[in-house]
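The values are calculated or read from the model by the stated rules, or taken from the named source; none is laboratory data. Computed from a predicted model, the values in this text were never measured in an experiment. Heads up, the Cβs are rebuilt from the backbone with ideal geometry, glycines too, and the neighbour counts pull from every protein chain shown.
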């Protein structure tokens, strides 16, 4: 058990294990993504009121769900790096931020595209949409703050504190549609009680949510590998790896 | 746990709790202002300001939509089944606007309690189903929320 955690702190071990996970997870994810998109966008029935425009749900909802979950990953990695001074947690935190920002951006853009035909407007300052925009700024803030420091340790500390402070936004985003009157509708997938989305539409949606989690994991591992190589560029294991690849 | 790490753990917990408390206080101070719209019941109670731009949201009352023959003018009533707010509007309505559906109108409330809207948005609910399912529910005497008619 403890030896696993000690190995987790070793850059070459982490680099290698991330590579071997990616070797099967990445192709599986890409196939699942293609299957989910074809299923959701072509083979499910249109909605009784929105027609075909509702299909954007198969990108919008998974992106938004994983954008929120990814923030917890980033904040927890930040906390681990603050408390235990684990460099690999710092690498994970830094790797999360641009992925989370991209997912949040996708959720905002697809929501806007759906909002025009459904609500009649591209944008409205309601609680859900505004708090989601704040999430985008938090992610971008972490990216920018990290780059603002020359010293990696100071950068990691500052970013960890920023991610922890921003964590309060996640339950606010999640509950915003229940706490306040908003234009955005409440969740259709319910953990308690029956979901208000027909099962024939729900299954491809759940499929896409799981796929987006896998996609996030793939991007995270790839980002971490790149970051490890950059940080450890002068160490023997990276030099050896580079020499092997050249040969 | 090592005492230094324990101290840092407490620091992390403090940061999370402190920022949550700060956010909670801000939201408490802004509680009314975060709402996108007033429900008709609050307008009836006089909570919505007259003569200032506001939004009112609710269901479009069945049978209340009256369209003009000559122009884009339309009049309808928003309800939350406790109170009604009459709305007049001139412009293009979103596709999903309809009787018995949610809508949010932004405009100015006049002295007679009529909302002179400059924008009307359709509010979509959380129900998603194929047309056949909606039709089957209709046939069996339930509405799309599963309530008996």
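Limited to the range B:14-48, what total is found for residues that are within 11 Å of chain A (Cβ to nearest Cβ), more than 12 Å from residue A:181 (Cα to Cα) and in contact with a helix residue (DSSP H, G or I) (Cβ under 8 Å, 6 or more places away or on another chain)?
5
Among the listed residues A:34, A:18, identify the single one that is closer than 25 Å to residue A:101 by Cβ, more than 14 Å from chain B (Cβ to nearest Cβ) and in contact with a helix residue (DSSP H, G or I) (Cβ under 6 Å, 6 or more places away or on another chain).
Values: A:34 fails: in contact with a helix residue (DSSP H, G or I) (Cβ under 6 Å, 6 or more places away or on another chain).
Testing whether each residue is closer than 25 Å to residue A:101 by Cβ, more than 14 Å from chain B (Cβ to nearest Cβ) and in contact with a helix residue (DSSP H, G or I) (Cβ under 6 Å, 6 or more places away or on another chain) leaves just A:18.
Residue under question is residue A:65, and the condition is that it be touching a helix residue (DSSP H, G or I) at 6+ places or on another chain (Cβ under 8 Å) and within 12 Å of another protein chain (Cβ to nearest Cβ); does it hold? Full working, then the answer.
Values: touching a helix residue (DSSP H, G or I) at 6+ places or on another chain (Cβ under 8 Å): yes; within 12 Å of another protein chain (Cβ to nearest Cβ): no.
It is false that residue A:65 is touching a helix residue (DSSP H, G or I) at 6+ places or on another chain (Cβ under 8 Å) and within 12 Å of another protein chain (Cβ to nearest Cβ).
Can you pull out every residue in the range A:113-140 that is surrounded by fewer than 18 Cβ atoms within 10 Å (Cβ to Cβ), touching a residue at least 12 places away in the same chain (Cβ under 8 Å) and either more than 11 Å from chain B (Cβ to nearest Cβ) or under 19 Å from the mean Cα position of the chain (by Cα) (or both)?
A:113, A:133, A:134, A:140 - these are the residues of the range A:113-140 that are surrounded by fewer than 18 Cβ atoms within 10 Å (Cβ to Cβ), touching a residue at least 12 places away in the same chain (Cβ under 8 Å) and either more than 11 Å from chain B (Cβ to nearest Cβ) or under 19 Å from the mean Cα position of the chain (by Cα) (or both).
This table checks each residue for (1) part of a helix (DSSP H, G or I); (2) more than 30 Å from residue B:137 (Cα to Cα); (3) out of contact with any helix residue (DSSP H, G or I) (no Cβ under 7 Å at 6 or more places or on another chain).
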site	(1), (2), (3)
A:150	no, yes, yes
A:154	yes, yes, yes
A:206	yes, no, yes
A:226	yes, yes, yes
A:242	yes, yes, yes
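Going residue by residue through the range A:72-89, is there one that turns out to be touching a residue at least 12 places away in the same chain (Cβ under 8 Å), over 24 Å from residue A:230 (Cβ atoms) and assigned to a helix (DSSP H, G or I)?
Yes, the range A:72-89 has at least one match.
Looking only at the range A:170-196, how many residues end up being out of contact with any strand residue (DSSP E or B) (no Cβ under 8 Å at 6 or more places or on another chain), at negative phi and assigned to a loop (DSSP other than H, G, I, E, B)? Please lay out each step first, then the result.
In the first step, residues of the range A:170-196 are kept if they are out of contact with any strand residue (DSSP E or B) (no Cβ under 8 Å at 6 or more places or on another chain); the result is A:170-180, A:182, A:184, A:186-187, A:190-195.
If we keep only those that are at negative phi too, we end up with A:170-180, A:182, A:184, A:186-187, A:190-192, A:194-195.
After this cut, where a residue has to be assigned to a loop (DSSP other than H, G, I, E, B) as well, the list is A:180, A:182, A:184, A:186-187, A:190-192, A:194-195.
Summing the residues that are out of contact with any strand residue (DSSP E or B) (no Cβ under 8 Å at 6 or more places or on another chain), at negative phi and assigned to a loop (DSSP other than H, G, I, E, B) in the range A:170-196 gives 10.
Of everything in the range A:37-62, what is within 11 Å of chain B (Cβ to nearest Cβ) and in a helix (DSSP H, G or I)? Give them in sequence order. Let's see the steps before the verdict.
Here is the first cut: in the range A:37-62, the residues within 11 Å of chain B (Cβ to nearest Cβ) are A:44-51, A:53-55, A:57, A:61.
Those that are within 11 Å of chain B (Cβ to nearest Cβ) and in a helix (DSSP H, G or I): A:53, A:54, A:55, A:57, A:61.
Hey, does the range B:113-122 have a residue that's out of contact with any helix residue (DSSP H, G or I) (no Cβ under 8 Å at 6 or more places or on another chain), at pLDDT below 90 and not in a strand (DSSP E or B)?
No; the residues of the range B:113-122 include none that is out of contact with any helix residue (DSSP H, G or I) (no Cβ under 8 Å at 6 or more places or on another chain), at pLDDT below 90 and not in a strand (DSSP E or B).
Answer yes or no: is there a residue in the range A:152-169 that is within 13 Å of chain B (Cβ to nearest Cβ), closer than 26 Å to residue B:37 by Cα and in contact (Cβ under 8 Å) with a residue 12 or more places away in the chain.
yes
Counting only residues that are farther than 21 Å from residue B:35 by Cβ, within 13 Å of chain A (Cβ to nearest Cβ) and surrounded by 15 or more Cβ atoms within 10 Å (Cβ to Cβ), which one in the range B:99-130 is farthest from the chain's Cα centre (by Cα)?
Filtering first and then ranking leaves B:130.
Out of curiosity, is residue B:32 closer than 26 Å to residue B:125 by Cα and either out of contact with any strand residue (DSSP E or B) (no Cβ under 7 Å at 6 or more places or on another chain) or not assigned by TED's automatic domain parsing to the domain that holds residue B:112 (or both)? Talk me through it step by step, then tell me what you get.
Details: closer than 26 Å to residue B:125 by Cα: yes; either out of contact with any strand residue (DSSP E or B) (no Cβ under 7 Å at 6 or more places or on another chain) or not assigned by TED's automatic domain parsing to the domain that holds residue B:112 (or both): yes.
Yes: the conditions hold for residue B:32.
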